[in-house]
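Derivation of every value follows stated rules applied to the coordinates shown; laboratory data play no part. These figures come from a predicted structure and were not determined experimentally. Neighbour counts run over all protein chains shown; Cβ positions are idealised from the backbone, glycine included.
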Amino acid sequence: MIRTALKPRWLGLLGVVILIIVAFIQLGRWQLGVAHDKARVEAVKEAGAKPVVDVTTLLRPHAEFPAAAGGRLVTATGTYAAGQVLVQDRLLHGRTGYWVITPFTLTSNGATLPLLRGWTPRAHAPPIPPGELTIRASLAPSESPSRTGLPDGVLSSVDLARLVNSWPGDLYNGFGFVQDEQPTPPAETTQALTQVPPPMPSTGVNGRNAAYAVQWWVFAAFALFLWVKMVHQAHREEIERDSLAAAADASAESTMKEVPHP
C-alpha cells in the first residue's frame with residue numbers, strides 16, 4: 001500500500017488533502033475562539049444585569065468569600081484609613097507598576113474593606129481622600145500568599161491574611177476594584193492613580209460555536225480517512241489486476257505447452 005501511496009497521483013491528492021485539513025483545523029480554532037468570546041460577552045452581560053447591592057449583603061467580616069460574590073458590583077459608605085500598601089509588579093496598558101490597596105472603614109459596622117484605589121507607576125502611594133465617601137466597587141477574593149522579604153508596605157499579591165495582621169478591627173475576606181467615589185475626592189489624592197478595570201469573570205465556552213469547532217476538526221479527520229480509503233482501494237485494485245495478469249500469463253504459458261509440436 002505504501003508503494004501505491006507514493007505514486008505521483010496519490011501524492012498530489014495528499015497535498016490537496018493536507019491543505020484542506022489545515023484549513024479545517026484553522027476554521028475549528030476560529031470557531032473555538034468565537035465560542036470563548038461569546039461566553040465572555042454573555043458573562044459580562046450577566047454580571048452587569050445583577051443589581052448593585054450594599055457590600056454587607058454579600059460579605060461578612062472574617063467569613064469565607066462566596067463564589068457568587070466574585071465580580072459583583074457593590075456600594076459601601078465609610079472613610080479611608082491609614083495603612084495603605086503597594087502590590088508590586090502589576091501590569092496596566094503594558095506598563096509595570098503598583099496597585100494601591102487602602103483600608104476602607106464602613107460607617108455601618110466599623111469593619112474594614114480593602115479597596116484597590118488604582119495603579120501607579122511609582123512605589124509611592126498618594127494621600128488618602130478625607131471624609132466620608134460612598135464607593136462603588138467590583139468584588140474579588142484574596143490572592144495567593146505574598147512573598148516574604150519585601151520592603152515594609154509592599155506585597156507581591158493582595159494577601160488578605162497578611163493584612164488582617166496589619167490593619168486593626170474586623171476585615172472582609174475580599175477586596176474591591178474601585179469604580180467610583182462620591183463625592184469626588186480632591187485631585188491630589190487621585191491624580192497619580194489610574195483606575196484598574198476589574199478582572200473578567202470566569203467563563204467556559206459557548207456550546208453552539210464549540211460544536212461547530214468540533215465539526216470542522218471531524219471534517220479534517222474525515223478528509224484524511226477518505227484519502228487513506230481511496231489509496232487502500234486503489235492498492236486492492238492493483239493487486240487484483242496483477243493477480244489477473246499473472247493468471248492470464250500462466251494460462252497462456254500452459255496452453256502453449258499443451259499445443260503439440262509438428
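Some notes on this structure:
- Peptide ranges 94-100, 193-199 listed from the most packed, as the mean C-beta count within 10 angstrom indicates: 94-100, 193-199
- Answer label for Cα extents along the principal axes in Å (calculated), chosen among (1) 83, 47, 28; (2) 131, 40, 32; (3) 72, 42, 34: (2)
- Distance between modelled label sites at T57 and T79, nm, 7 Å Cα→Cβ extension: 2.7 nm
- Estimated vicinal HN-Hα couplings, Hz - the range 147-159 in sequence order (Karplus 6.51, -1.76, 1.60; Gly, Pro = x): 5, 9, x, 8, x, 4, x, 10, 10, 9, 7, 7, 9
- In degrees, nearest ten, helix 8-49 long axis to first principal axis of the chain (Cα): 20 degrees
- For the chain, the longest principal axis of the Cα atoms and the long axis of helix 207-258 meet at an angle of about 10 degrees.
- Think of it as helices only: each DSSP H run of n ≥ 4 in the chain is worth -39500 (n - 2.57), and spread over all residues that comes to -14000 deg cm²/dmol at 222 nm.
- Approximate spin-label separation R95-L19, in nm, with each point projected 7 Å along Cα-to-Cβ: 4.9 nm
- Beta bridges from DSSP with both residues in the chain: antiparallel share about 80 percent, rounded to the nearest 5.
- Cβ-Cβ distance of H36 and S108, R₀ of 51 Å, FRET efficiency by 1/(1 + (r/R0)^6): the value works out to about 0.80.
- Near Y98, once Lys and Arg are set to +1 and Asp and Glu to -1 for all other residues with Cβ below 9 Å from its Cβ, the sum equals +1.
- Couplings for the range 124-135, taken from phi via the Karplus curve 6.51 cos²θ - 1.76 cosθ + 1.60 with θ = phi - 60°, read 8, 8, x, x, 7, x, x, x, 7, 10, 10, 10 Hz in order; Gly and Pro are left as x.
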